1. As I understand it, the value is the acute angle between the Cα axis of helix 267-294 and the longest principal axis of the Cα atoms of the chain; what does it come to in degrees, rounded to 10?
2. Please state the charge dipole magnitude for segment 72-212, taken about the Cα centre, from unit charges on C-beta atoms (+1 on K and R, -1 on D and E), reported in debye and rounded to the nearest 20.
3. Cβ under 13 Å from Leu130's Cβ, Leu130 left aside: what net charge do those residues give with Lys, Arg +1 and Asp, Glu -1?
4. Can you tell which of Leu93, Ile24, Tyr232 lies farthest toward the positive end of the dipole of the chain, using +1 and -1 charges on the Cβ of basic and acidic side chains (Lys, Arg; Asp, Glu)?
5. Provide the per-residue ³J(HN,Hα) series for segment 302-310, in order, calculated from phi with Karplus coefficients 6.51, -1.76, 1.60 and θ = phi - 60°, each as a whole number of Hz, with x at glycine and proline positions.
6. Points 7 angstrom from Cα along the Cβ direction at Ala283 and Met264: gap in nanometres?
7. Only Cα pairs within less than 10 Å get springs; with that Gaussian network setup on the chain, which residue of Leu318, Leu327, Leu124 has the largest fluctuation?
8. What is the spread of the Cα atoms of segment 151-222 along each of their three principal axes, largest first, in whole Å?
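Any read-out appearing in this document is the output of simple, stated calculations on the displayed coordinates, not a laboratory observation. Please read all numbers here as calculations on a predicted model, not as lab measurements. Note that each Cβ is placed from the backbone with ideal geometry, even for glycine, and that neighbours are counted across all protein chains shown.
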Amino acid sequence: MGKRVLSGVQPTGNLHIGNYLGAIRNWVETQGEYETFFCVVDLHALTVPHDPQLLAVHTRTTAALYLACGIDPQRSTIFVQSHIPAHAELAWLLNCITPLNWLERMIQFKEKAIKQGENVGVGLLDYPVLMAADILLYDTDRVPVGEDQKQHLELTRDIARRFNDQFGETFKIPEPLIRAEGARVMSLQDGTVKMSKSDPSDMSRINLLDDPDTIAKKIKRCKTDAIREITYDPHRPEAMNLLTLYQVLGNKTREEVEKDCSQMRGWGDFKTALTEVVISHLAPIQQKYKEVMKEQGYLEEIIRSGTAKAEAVASHTLARVKQALGLWLKAGHPASWEQFLPT
Ligand code: TYM
């Protein structure tokens with residue numbers, strides 16, 4: 001069996017260049033080397049208040065964006081998390097062995113819980129256990145994600161190890177795949193906070209489907225600093241962020257970027273150059289997205305066959321887990337059940 005990759009994005013509205021650089025772009029690159037599974041994690045999108053009229057639409061558009069960004073259905077298995085019941089089922093089984101205080105420690109839970117005040121559902125606390133289930137179901141080797149998911153990956157590893165210790169070797173221990181550049185894209189309005197789908201200001205992010213005028217406007221108004229020279233300086237968060245975007249989306253090396261910048265007269269010139277780079281990087285993605293969205297039958301067929309392939313793997317793992325836990329399996333009993341009969 002080849003090495004496996006699995007990752008997913010929540011269908012919670014527009015995907016932005018943070019999701020692209022931190023995750024999807026890196027998924028594309030794993031396709032040659034690994035057996036790849038990419039899901040749209042719609043059950044995770046239920047952990048914060050959501051609009052039931054939009055969830056299925058966003059699930060569809062997120063899957064279409066995977067294709068538009070270069071996920072190749074011939075090489076990758078693309079599916080929707082809720083179409084495979086094994087995800088929710090394994091999450092339950094893992095819940096029963098996960099200490100509550102491991103979940104209460106999660107940074108993302110604490111941040112999101114503060115935003116929601118009294119309205120925190122159990123699902124929000126349980127979010128990382130469902131994520132662990134997504135990963136462990138596929139005997140995943142590597143999980144390409146942005147920096148913010150590192151803690152959830154560590155938790156997944158801890159849960160897998162704990163299960164293996166208590167019930168015998170059952171799960172493979174997965175590793176994160178986090179790129180040095182673009183793993184943490186920051187808000188356009190504040191270089192110290194992460195670019196996020198849930199930021200109330202759309203000006204804080206560049207969405208993958210923003211049109212050229214919107215992109216130009218957002219970059220024009222984005223926050224910079226008062227220093228005219230544009231240099232990679234860790235003490236200048238806005239400069240670091242914008243330079244990284246320019247470098248990665250322009251497929252340039254750091255040296256090339258430094259050379260370009262040395263010829264610029266200040267932020268005005270830089271913003272013009274960055275706008276061009278962003279627009280031309282996103283243009284083919286947007287074009288492909290439009291084509292895919294016109295072919296709904298094609299998209300549905302990809303999801304249907306992806307689900308069948310993923311389900312075959314997932315049901316196998318789930319049966320193995322149930323056996324390890326000692327559940328009475330539909331297709332048989334644990335080997336030595338008779339010796340435990342009460343006399
Ligand atoms: P989500 O939808 O919040 O984020 C999707 C991916 O985008 C990355 N990301 C970023 N990367 C760089 N800069 C940013 N500003 C930025 N914002 C988001 C995230 O790190 C993530 O890789 N919990 C996951 C979804 C998930 C999952 C999984 C991932 C559920 N099950 C199993 C991998 C494997 C998440 O954060 O989704």
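1. 40
2. Working: 16 positive and 22 negative charges, 43 e Å.
The dipole of segment 72-212 has a size of about 200 debye.
3. Numbers: positive: none; negative: Asp42, Glu89, Asp126, Asp134.
Result for the local shell: -4.
4. In the chain, that residue is Tyr232.
5. 3J(HN,Hα) across segment 302-310, in whole Hz: 4, 5, 4, 6, x, 4, 4, 5, 5.
6. Taking the two extended label points, one gets 2.0 nm.
7. Most flexible of the set in this elastic network: Leu327.
8. The Cα atoms of segment 151-222 stretch 57, 22, 20 Å along the principal axes, largest first.
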